[in-house]
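Student: Encoded as structure tokens, here's the structure I'll be asking about.
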Amino acid sequence: ATHVEEFTSPSLCWMLIANACRMLQALGIDLRHLSPEIRQRRMMTFWYLNLVDKGLSIIFGRPPTFHRAMSRDVALPTVAQLLPYQPHNEARKDDGSRPGSLFGAHYIHQIMMLSHIIGHIWTAVYEKASRDEHALQCVRRDLEDWYSVAKPVRRPLVLVLANSIC
């Protein structure tokens, strides 16, 4: 769904993401009987899907497939966990590991944190029968807090990236 968005209708992307979210829920994300590797892979998949699910919910004004309580129950991956998890890169021939991107890991981590806030924004805008100014102020504060953390983290990473290119 995330790769065909330019070639299909928005409703088809929505349907594909919603089906992927439901499939992950049916499989279970953090079940005890699963191996740690499978649990971590499902946790990563949850956060990627949550990011797209919440974004599409805001864009289309439709309820997200994942309830926002799920993002409290499923642990947010750390930057260290995200660094090697890059499913779009091919494995290195020498050691079988995937090349890591510190900038990419930080970027995805911040966006995953933002998806949690987007869930709060959706609730404040669409779920309330009447406009709740207190809820909107809380969401605004959460968004400003996120931005105040994301902006300083981004700046040194951009400098490191620029220096490595030069």
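The values are calculated or read from the model by the stated rules, or taken from the named source; none is laboratory data. Because the structure is a prediction, the values reported are computed rather than measured. Neighbour counts run over all protein chains shown; Cβ positions are idealised from the backbone, glycine included. Accessible surface is based on the protein model in full, side chains and every heavy atom, while ligands, DNA and RNA are left aside. Shrake-Rupley method; radii C 1.70, N 1.55, O 1.52, S 1.80 Å.
Student: Can you pull out the residues in region 15-30 that are outside any helix (DSSP H, G or I) and buried (at least 16 other Cβ atoms within 10 Å of the Cβ)? Working first, answer last.
Tutor: Let us first name the residues in region 15-30 that are outside any helix (DSSP H, G or I), namely 28-30.
Matches in region 15-30: 29 only.
Student: Answer with yes or no whether residue 65 is open to solvent by 30 Å² or more (accessible area, probe 1.4 Å), touching a helix residue (DSSP H, G or I) at 6+ places or on another chain (Cβ under 9 Å) and either in a loop (DSSP other than H, G, I, E, B) or more than 23 Å from residue 113 (Cβ to Cβ) (or both). Talk me through it step by step, then tell me what you get.
Tutor: Numbers: open to solvent by 30 Å² or more (accessible area, probe 1.4 Å): yes; touching a helix residue (DSSP H, G or I) at 6+ places or on another chain (Cβ under 9 Å): yes; either in a loop (DSSP other than H, G, I, E, B) or more than 23 Å from residue 113 (Cβ to Cβ) (or both): yes.
Considered against the rule, which asks whether it is open to solvent by 30 Å² or more (accessible area, probe 1.4 Å), touching a helix residue (DSSP H, G or I) at 6+ places or on another chain (Cβ under 9 Å) and either in a loop (DSSP other than H, G, I, E, B) or more than 23 Å from residue 113 (Cβ to Cβ) (or both), residue 65 comes out as yes.
Student: Here is a check on your reading of the model: is residue 83 more than 13 Å from the chain's Cα centre (by Cα), buried (at least 17 other Cβ atoms within 10 Å of the Cβ) and at pLDDT below 90?
Tutor: Numbers: more than 13 Å from the chain's Cα centre (by Cα): yes; buried (at least 17 other Cβ atoms within 10 Å of the Cβ): yes; at pLDDT below 90: yes.
Spelling it out, residue 83 is indeed more than 13 Å from the chain's Cα centre (by Cα), buried (at least 17 other Cβ atoms within 10 Å of the Cβ) and at pLDDT below 90.
Student: Right, something else. If the Cβ limit is 6 Å and pairs must be 6+ apart or interchain, which residue in region 11-36 that is over 18 Å from residue 64 (Cα atoms) pairs with which residue that is assigned to a helix (DSSP H, G or I)?
Tutor: Qualifying pairs under 6 Å: 30/39.
Student: Could you list, in sequence order, all residues of region 31-49 that are modelled with pLDDT of 85 or more and assigned to a loop (DSSP other than H, G, I, E, B)? Talk me through it step by step, then tell me what you get.
Tutor: Step one: of region 31-49, the residues modelled with pLDDT of 85 or more are 33-49.
Hits for region 31-49 are 33, 34, 35.
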